[in-house]
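Q: Have a look at this one before I ask anything.
The values are calculated or read from the model by the stated rules, or taken from the named source; none is laboratory data. All values derive from a computational prediction rather than experimental measurement. Every residue, glycine as well, gets a Cβ built from its backbone with ideal geometry; the counts of neighbours run over all protein chains shown.
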Amino acid sequence: MPYDFSTWDRNCLEEQATPIDGALTGSLPPWLRGSYVLDGPGRMTYGEYEFNHVFDGSALLQKFTFGETGVTFSSRFLRTYAYNTNLEHEQIVVSEFGTTGKSVAKNKLSKLGDKFAFDKMFSDNAPVAVVTFGGEYYCVTEAPFLHKIDPTTLETISKVDLHKELGINSHCPHPLTMPDGTTLNILHGVGATGPKYDIVSFPPKPADGKGHVFAKPKKIASVDARWKLNPCHMHTFGLTENYFVLMEQPLTIDVRAMVANTIREKPFIEGMEWMSEKLVKIHLVNRETGKEVKQKVKCEAFFFMHIINCFERDNHLVIDVNAYTKPDLLHTFYLKTIREKGATLGNDLDGGCIKRVVIPLDVSDKVASELNLVMLPGSKAKAHRQKDGSLLLTPDALTDYAYEIPTLHPQYIAKRYRYCYGSSGNMTSTMGKIGKVDLDARETKDWSEDGLYASVSYFVPRPGGSAEDDGVILATFLHSNDKRKTTLLVLNAADMSEMARAVFTTPSEVPRSLHGHFIQA
């Protein structure tokens, strides 16, 4: 049997607002108390209408709560404008990533107005991640709409429109929250010279002690996009002790195509352009001064969604990223493709790999072009100075496959580290593996079981632990033989052995989540 792609094709129609108990085997660590909240596409149909793409589904929050007596499961749909409107009309009204909605306006002028109204052009559906701003929890996606949630009940509390608040068009759905509660993010807007990426800092709490923290974020720096009509798709950014790391990949948003597609009623994905002949451009911005490093840096082309981590070592800056030769994954995950070609699809997909990009810092302008400037012991990465003074980088492939939805010990973010964890990009086998990657040894240790397909994992450190891998991995799995079942595994992060599992049977199909967030009790 090949990889079961039907585990990507799930449609949840009924939420589980009241927590239910799971069938628990093994022993939970006594210190593991709190909630693991997941976000992802959930509902795929309204009436007789169905979304086209896996990522289009209306956001569903799933929560596993760890208590003294075991684990419970609950779920709720995010009450967005898109969800409520689709539900009211029993059809897909609001357009999503791969699906064009059907306008319910009564006349042509109103329909045209709907097409070009910002909050109608871009859905407020937020099925990507649960993040923190100002000590509160929000569901987000790339669109500038955030939904505040109650992490206890999973109820939707309010909505923040950053397009109205700050005039931005999109943002990274993976902000980084610092130990003091400050949250850093990249906002995508348009300036006097065209598209730009603003690096901003949101405070730990509102300046006036009330309201929210989004009104006046501190702008640290602004970086101009490399192409004026094709800003890059930037899902994540990097951070080190001294630098912000912005990677402009050749997957871009074609502004002209977006306008034309809006008129022609084509979905967002149709306006994305892969510039196969272009390189990745890397911007380094000093965290203290907000000034961009003058050294121009480019890297061989690849597609990525998730930067795993960045750090500085011996006058080099290291970027670890899940990389693919091109963005085929985005165009593959149409429901039609999965249903028609699922039996052979795994053999055609690029499983990616973890690439390590190394940037030498303080490069002399007198070095020879043939000299590899990467001097880190054991590294196979390369950096060569070009005639125009720029650096051309060749990454080092550390693994055979990508390990997606990456997670690591939070104390090692922006610092030198050794381990990360994630779901294996290998879609040729009969199971969906979860793995631990030893980046120093270039070794992986996978956990797998026939019939279980990894969804999302998260590293939770043991309180008081000193080792980088002293903690547990929370990993959720879908069942290939029962769409209403979900399994939560607790794995020992040191050796990937199973400590406990909880199996739940839910009232409706269990979809894949995209990201999770653990909230310590």
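Q: Pick out, from the stretch 457-521, the strands (runs of 3 or more DSSP E) lying fully within it that include 3 or more residues that are among the aliphatic types (A, V, I, L, M) and at pLDDT 95 or above. Spell out the reasoning first.
A: Values: elements: 471-479, 485-492, 498-505, 515-520.
Qualifying strands (runs of 3 or more DSSP E): 471-479, 485-492, 498-505.
Q: Pick from 271, 238: which is over 20 Å from residue 318 (Cβ atoms), surrounded by 17 or more Cβ atoms within 10 Å (Cβ to Cβ) and of a type in the set (Gly, Ala, Ser)?
A: Working: 238 fails: over 20 Å from residue 318 (Cβ atoms).
After applying the criteria, what remains is 271.
Q: Here's a follow-up. Check whether at least one residue in the stretch 321-331 is among the hydrophobic types (A, V, I, L, M, F, W, C), surrounded by 19 or more Cβ atoms within 10 Å (Cβ to Cβ) and in a strand (DSSP E or B), and report yes or no.
A: yes
Q: In this structure, is residue 361 aliphatic (A, V, I, L, M), over 30 Å from residue 41 (Cβ atoms) and surrounded by fewer than 17 Cβ atoms within 10 Å (Cβ to Cβ)?
A: Working: aliphatic (A, V, I, L, M): yes; over 30 Å from residue 41 (Cβ atoms): yes; surrounded by fewer than 17 Cβ atoms within 10 Å (Cβ to Cβ): yes.
Considered against the rule, which asks whether it is aliphatic (A, V, I, L, M), over 30 Å from residue 41 (Cβ atoms) and surrounded by fewer than 17 Cβ atoms within 10 Å (Cβ to Cβ), residue 361 comes out as yes.
Q: Would you check which residues across the stretch 383-412 are assigned to a loop (DSSP other than H, G, I, E, B) and either of a type in the set (Lys, Arg) or in contact with a Phe, Trp or Tyr (Cβ under 9 Å, 6 or more places away or on another chain) (or both) and list them? Steps first, answer last, please.
A: Of the residues in the stretch 383-412, the ones assigned to a loop (DSSP other than H, G, I, E, B) are 386-390, 395, 398-402, 408-409.
Scanning the stretch 383-412 gives 387, 395, 402, 408, 409.
Q: Return the pairs, sorted by first residue and then second, in which the second residue is surrounded by 15 or more Cβ atoms within 10 Å (Cβ to Cβ) and among the basic types (Lys, Arg), the first residue lies in the stretch 147-166 and is assigned to a strand (DSSP E or B), the beta carbons are less than 6 Å apart, and the residues are 6+ apart or on different chains.
A: Within 6 Å, the pairs are 147/159; 156/79; 157/148; 158/148.
Q: Could I ask something else about it? Looking at the stretch 476-521, which of its residues are closer than 20 Å to residue 154 by Cα and of a type in the set (A, V, I, L, M, F, W, C)?
A: Result: 488, 504, 510, 514, 518, 519, 521.
Q: Can you tell me how many residues within the stretch 92-129 are at pLDDT 85 or above, among the polar types (S, T, N, Q) and surrounded by fewer than 21 Cβ atoms within 10 Å (Cβ to Cβ)?
A: The total comes to 1.
Q: Looking at residue 318 and the list (1) touching a helix residue (DSSP H, G or I) at 6+ places or on another chain (Cβ under 6 Å); (2) in a strand (DSSP E or B), which single condition is not satisfied?
A: Every listed condition holds for residue 318 apart from (1).
Q: If you don't mind, another one. Where in the stretch 1-80 are there strands (runs of 3 or more DSSP E), lying wholly inside it, with at least 2 residues that are under 19 Å from the mean Cα position of the chain (by Cα) and of a type in the set (Val, Ile, Thr)? Let's see the steps before the verdict.
A: Numbers: elements: 23-26, 34-43, 58-67, 70-77.
So the answer is none; nothing clears 2.
Q: Any residue in the stretch 178-188 that is closer than 17 Å to residue 255 by Cβ and either loosely packed, with under 15 Cβ neighbours inside 10 Å or of a type in the set (D, E, K, R) (or both)?
A: Among the residues of the stretch 178-188, not one is closer than 17 Å to residue 255 by Cβ and either loosely packed, with under 15 Cβ neighbours inside 10 Å or of a type in the set (D, E, K, R) (or both), which makes the answer no.
Q: Restricting to the stretch 280-308, give me the number of residues that are farther than 20 Å from residue 375 by Cα and either surrounded by 18 or more Cβ atoms within 10 Å (Cβ to Cβ) or among the charged types (D, E, K, R) (or both).
A: Number of matching residues: 17.
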